[in-house]
Amino acid sequence: MSERKKTTIILFSGDYDKAMAAYIIANGAAAYDHDVTIFHTFWGLNALRKEEKVPVKKSFMEKMFGKMMPRGADRMGLSKMNFAGVGPKMIKDIIKKHNAVPLPQLIEMAKEQDVKLVACTMTMDLLGLQEKELLDGIEYAGVAAYLADAENGNVNLFI
Amino acid sequence: MSERKKTTIILFSGDYDKAMAAYIIANGAAAYDHDVTIFHTFWGLNALRKEEKVPVKKSFMEKMFGKMMPRGADRMGLSKMNFAGVGPKMIKDIIKKHNAVPLPQLIEMAKEQDVKLVACTMTMDLLGLQEKELLDGIEYAGVAAYLADAENGNVNLFI
Amino acid sequence: MSERKKTTIILFSGDYDKAMAAYIIANGAAAYDHDVTIFHTFWGLNALRKEEKVPVKKSFMEKMFGKMMPRGADRMGLSKMNFAGVGPKMIKDIIKKHNAVPLPQLIEMAKEQDVKLVACTMTMDLLGLQEKELLDGIEYAGVAAYLADAENGNVNLFI
């Protein structure tokens, strides 16, 4: 049996700041040699969307959801002080000024550190998101796979 | 000592989508033979309210809270894209179209799978909710009971 | 090796009700002899701000964030039914009427019970908060310290 510690995070939130927290913890845990999984569900799936528009067939409702939800990490809003989009801009300016790492790069780092990025297939279906709209190199699974990871985990978080 | 795994979820949120996530995880864990508890506190208590109005004596403040909070799972709003109630309707349409399970049925399933549904007595008191306003077959407890469950748990989440 | 159970909470949220939940769980766990840590990050740092204005040198952006964020636990808003500040007042009235404990006292209790209160230095930096603006007797650390606590924890929550 592996002696590696395990960190499993559900990213439910579609907020830039909450996703930052999730990815900072994930990258930290990976650096400390944990096996790390981020399971993206509901609005958290938006962090995995490609920035460019991907032409896919959708129903009317799916198109609406697709339009209303942010395409990719860089377009997500803040959970507090969003101010119709001014908040995220402020945070990003501050991140740059402090040489901190913005969310899209945190996601890149996570991939490089072999953090397992999973998209929840059930909620992809509900929100009308398709595999080609999401980043390459991620995995697709459901609640059973999440539980298999989490039940032996050391750090389990819902963000 | 029992060898069964244990999942303990605090449902703090009164959002339809977050409660869905909580109940999907709970039902999944129960199907995988975990002992599962959902501890409802603050706005999460609304998921346990009966749909019909129950005549109970309340102070003025308690009446106001009672009126402003949704009566039951089916009336809860979304954490994102609520659009004054249009969002939940869209989600419910999509759930129906995808043959997914809406929240009130997820709660029914949880009961049938012996998921322990607990209402936090301290916050019931704060929000002026009384036992007869909540669903039958649930338990009533405080933070001590939560900790007793959670401290031996495998999957602990705050939603 | 210590036999004491361990509870580690990340307080990300700047909402009065969520902070209350965090501190009620923390105080409960401390009463049941857990080693308890609350790691305050992002908006959760506001719970640790001193109520009085502390004169510190800040950049323009840091001043703006400082002004827009609540100074201390007593000034935080609710996650639901905030109603431009009326909600918190209602909750505080109810807390008083029910002889429940308001947030600033919950924080005091936590300190008396040796709950370790940690401020996340990385997000302090981002939001422009300085040590002298925060309560006395707290610790300063980053994600590595959090993980060291959490990876051996029994109850790990993200609030």
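The values are calculated or read from the model by the stated rules, or taken from the named source; none is laboratory data. From a predicted model like this one, the values you see are computed outputs, not experimental measurements. Cβ atoms come from the backbone with ideal geometry, glycine included; neighbour counts cover every protein chain shown. Note: accessible area is taken over every heavy atom of the protein model, side chains too, but ligands, DNA and RNA are not part of it. Shrake-Rupley method; radii C 1.70, N 1.55, O 1.52, S 1.80 Å.
Every residue, every condition in (1) assigned to a loop (DSSP other than H, G, I, E, B); (2) at pLDDT below 90, yes or no:
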residue	(1), (2)
A:Met81	yes, yes
A:Ala84	no, yes
A:Met109	no, no
A:Leu117	no, no
A:Leu126	no, no
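What are the residues in segment C:1-20 that are in a helix (DSSP H, G or I) and touching an Asp or Glu at 6+ places or on another chain (Cβ under 9 Å), if any? The one that is in a helix (DSSP H, G or I) and touching an Asp or Glu at 6+ places or on another chain (Cβ under 9 Å): C:Tyr16. In segment C:130-137 there is at least one residue matching the filter, namely being within 23 Å of A:Ala21 (Cβ to Cβ), acidic (Asp, Glu), more than 14 Å from chain A (Cβ to nearest Cβ) and open to solvent by less than 30 Å² (accessible area, probe 1.4 Å).
Considering segment C:150-159, the residues that are over 13 Å from the mean Cα position of the chain (by Cα) and facing chain A (nearest Cβ under 9 Å) include one that is surrounded by the most Cβ atoms within 10 Å (Cβ to Cβ), namely C:Ala150. Checking each residue in segment B:19-32 for being within 7 Å of chain A (Cβ to nearest Cβ), out of contact with any Lys or Arg (no Cβ under 9 Å at 6 or more places or on another chain) and surrounded by fewer than 24 Cβ atoms within 10 Å (Cβ to Cβ) picks out B:Ile24, B:Gly28. Flag: B:Asp33 matches the condition of being acidic (Asp, Glu), without any contact (Cβ under 8 Å) to a residue 40 or more places away in the chain and on the phi > 0 side of the Ramachandran plot. Inside segment A:65-101, residues that are open to solvent by less than 40 Å² (accessible area, probe 1.4 Å) and either of a type in the set (Ser, Thr, Tyr) or away from chain C (no Cβ under 11 Å) (or both) make up a count of 10.
Here B:Gln105 passes the criteria (1) open to solvent by less than 70 Å² (accessible area, probe 1.4 Å); (2) under 27 Å from B:Thr8 (Cβ atoms); (3) part of a helix (DSSP H, G or I) except the one numbered (1). Scanning segment B:45-64 for residues that are facing another protein chain (nearest Cβ under 10 Å) and crowded, with 21+ Cβ neighbours inside 10 Å yields one hit, B:Asn46. Out of the residues in segment B:17-61 that are small (Gly, Ala, Ser) and under 13 Å from the mean Cα position of the chain (by Cα), which is farthest from B:Gly72 (Cα to Cα)? In this case the residue turns out to be B:Ala26. Tell me whether segment C:110-121 contains one or more residues that are open to solvent by 20 Å² or more (accessible area, probe 1.4 Å), touching a Gly at 6+ places or on another chain (Cβ under 8 Å), within 14 Å of another protein chain (Cβ to nearest Cβ) and closer than 30 Å to A:Ala29 by Cα. The answer is yes; a qualifying residue exists. Residues of segment A:28-55 being in a helix (DSSP H, G or I) and either of a type in the set (Gly, Ala, Ser) or closer than 17 Å to A:Gly137 by Cα (or both), which ones? Hits for segment A:28-55 are A:Gly28, A:Ala29, A:Ala30, A:Ala31, A:Gly44, A:Leu45, A:Asn46, A:Ala47, A:Leu48. The criterion of being among the small types (Gly, Ala, Ser), in a helix (DSSP H, G or I) and within 27 Å of C:Asn156 (Cβ to Cβ) holds for B:Ala148.
In the condition set (1) at pLDDT 95 or above; (2) surrounded by fewer than 16 Cβ atoms within 10 Å (Cβ to Cβ); (3) more than 17 Å from the chain's Cα centre (by Cα); (4) not basic (Lys, Arg), B:Leu147 is compliant with all but (2).
If we scan segment A:90-104, do we find a residue that is in contact with a Leu (Cβ under 8 Å, 6 or more places away or on another chain), modelled with pLDDT of 90 or more and not polar (S, T, N, Q)? No - not one qualifying residue is present in segment A:90-104.
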